[in-house]
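What follows is a set of notes on a single structure, which appears directly below.
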Amino acid sequence: MNALHDKADEIAVVGAGLAGCLLACFLARRGYPVALYERRPDPRTGTPERGRSINLALSDRGLDALRRIGLDGQVMADALPMRGRMVHPVVGEPGLQPYSADGDRAINSISRGALNNALLEAAAKLPGVRIAFEHRLVGLDPGTGGMTFETPSGPVTETARVVLGADGAGSAVRGQLLEHDLLTESVDFLDYGYKELTIPPLGGDFALDPGALHIWPRGTSMMIALPNPDRSFTCTLFWPTHGTASFASLGSPAAIRRHFAQHYPDLLPLAPNLVDDYQHNPVGVLGTVRCDPWQVNGRVALLGDAAHAIVPFYGQGANCAFEDVVELDRCLDECADDWAAALPLFQQRRQDNAEAIARMALANFVEMRDKVASPVFRTRRKIEHALERALPGRYVSQYELVSFSTVPYAQVRRRVRRQYQVVGAVAAGVLAALAGAAVALGRGRRG
């Protein structure tokens, strides 16, 4: 690192998670001195928190960001491509539902911790980047860029030219802006939580097909499983947080085994530590964060989950945050590095897109939980794939546009609505023609 710069010239990035580390890389590449602050100890030297490892489904938007800093090859070396959903019914054999019409396109199962460490290493190697762990933000002056951190050795004060909050859904930067009455916030929690379980390797190999995202849809609840490079699967169980069919409703080991034997019979033999995982892994919360504005006076700004956390059911949380970083970089280019112009432009460009994916993620929860097992849903997907093959480039499903393109999310929603209107009109025309033919045939017979 170049130690000659004045700390007051630094761009402070609060949060050394995925978005913060990527942001530090992009800013350092632009020549900025960067101070990266993280409340946790260095994750490269510790052990991951139990039950908090939700795998990422990295797709084209996230890969596009990694490609721009030359990290895509390293990250993809340990990725496991998933080409569809493998749906597990209570009774019967699992069935694969491909993500794309040709069956070849895939989202990628990535370890959140491994990706975070790769990005952290990349940031640490860049000149001008200073990383401070165990620094918890407890004070912020939005007018001056002054910050106060709690650290193991006592309070520390710092100043930065610009402060960027990339510190997640529970953002301390957002909290400070709220305390100063500089933004409004809404947090809509689902009445569902999540708990992680593990399927270990079986005989040294994967216990399930590693080329798919596995899903157990059960109406009011569901479970998914993503493969890991060590041939295990990380399972995430999504359940109501209250009521008779909720996490709290299973107390004893016998009750846990009985429930899984009834509702997830194929899982029980594959998860020898299921009861221990269930009893000791925490229940995580799920919700959507909205706030406005995302920036104050071109001096302090939020991005990623700190500005717009979403539920994980489209696998787009990290992809969306990475896209934020790319867009901010683009805005700095267009505004000649004038932060006072770039930050409002960034919000203008990204806010509608963040809202669009938030809505799509909530809708996809209902689809995964309730619909994927239904014959009507499977038929509709087959028709969609047939239309994609018949009209290449003209008809593209919402899933493909979200996961396998960088078309802005808001444009995806508008395009999909238009497609549905056209398909509905065509279907109505075909039905009308068939009805007319039937009437004419009936008259001919009577004549």
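Under 5 Å between amide hydrogens, built in the peptide plane, is the criterion, and for W294 it picks out nothing among residues at least 5 positions away or on other chains. Shown are M147, M76, M86, whose ranking by accessible area with a 1.4 Å probe and every protein chain present, most to least, is M76, M86, M147.
Each of T244 and R30 was given a label point 7 Å from its Cα along the Cα-to-Cβ line. The distance between the two points is 5.7 nm. For the set D102, D329, D209, D72, solvent exposure ranked by accessible area (probe 1.4 Å, protein chains only) runs largest to smallest as D102, D209, D72, D329. Bridge orientation summary for the chain: considering DSSP beta bridges with both residues in this region, about 75 percent are antiparallel.
Averaging the Cα positions of each part gives two centres, and for region 82-115 and region 205-254 these lie 14 Å apart.
When +1 charges are put on Lys and Arg Cβ atoms and -1 charges on Asp and Glu Cβ atoms, the dipole computed for the chain relative to its Cα centre reaches about 2160 debye. Beyond 14 Å, the tail of the calculated P(r) for region 234-317 holds 73 percent of the Cα pairs.
Binning all Cα-Cα separations of the chain at 10 Å, short to long from zero, yields these whole-percent fractions: 4, 19, 28, 24, 15, 6, 2, 1, 0, 0. Length gained on full extension, A336 to Q279, computed as 0.36 nm times the residue gap minus the Cα-Cα distance: 15.1 nm. For the chain, set up a GNM with springs between Cα atoms under 10 Å and report which of C335, C235, C320 has the largest fluctuation. Most flexible of the set in this elastic network: C335. In the P(r) worked out for region 116-255, what percent of Cα pairs fall beyond 24 Å? The share of Cα pairs beyond 24 Å in region 116-255 comes to 60 percent. Sorting H242, H308 on solvent-accessible area from highest to lowest, probe radius 1.4 Å, gives H242, H308. Considering only T234, P210, G165, the residue lying farthest towards the positive end of the dipole of region 94-236 is P210, judged by Cα position with unit charges set on Cβ. A cut-off of 5 Å between modelled amide H atoms, ignoring neighbours fewer than 5 places along the same chain, links L140 with T148.
In plain terms, the chain from A386 to R44 could stretch by 118.5 nm, reckoned as 0.36 nm per residue minus the Cα-Cα distance.
Between amide H atoms placed 1.01 Å from N, distances below 5 Å from V13 occur with A35, L36, Y37, L164, all of them 5 or more places distant or on a separate chain.
Net charge dipole, region 125-273: roughly 420 debye, given to the nearest 20, about the Cα centre with Cβ charges of +1 for Lys and Arg and -1 for Asp and Glu.
The values are calculated or read from the model by the stated rules, or taken from the named source; none is laboratory data. Not measured: the values here are computed from a predicted model. Cβ: placed from backbone, ideal geometry, glycine included. Neighbour counts: every protein chain shown. These area figures cover heavy atoms from the full protein model, side chains too; ligands, DNA and RNA do not enter into them. Shrake-Rupley method; radii C 1.70, N 1.55, O 1.52, S 1.80 Å.
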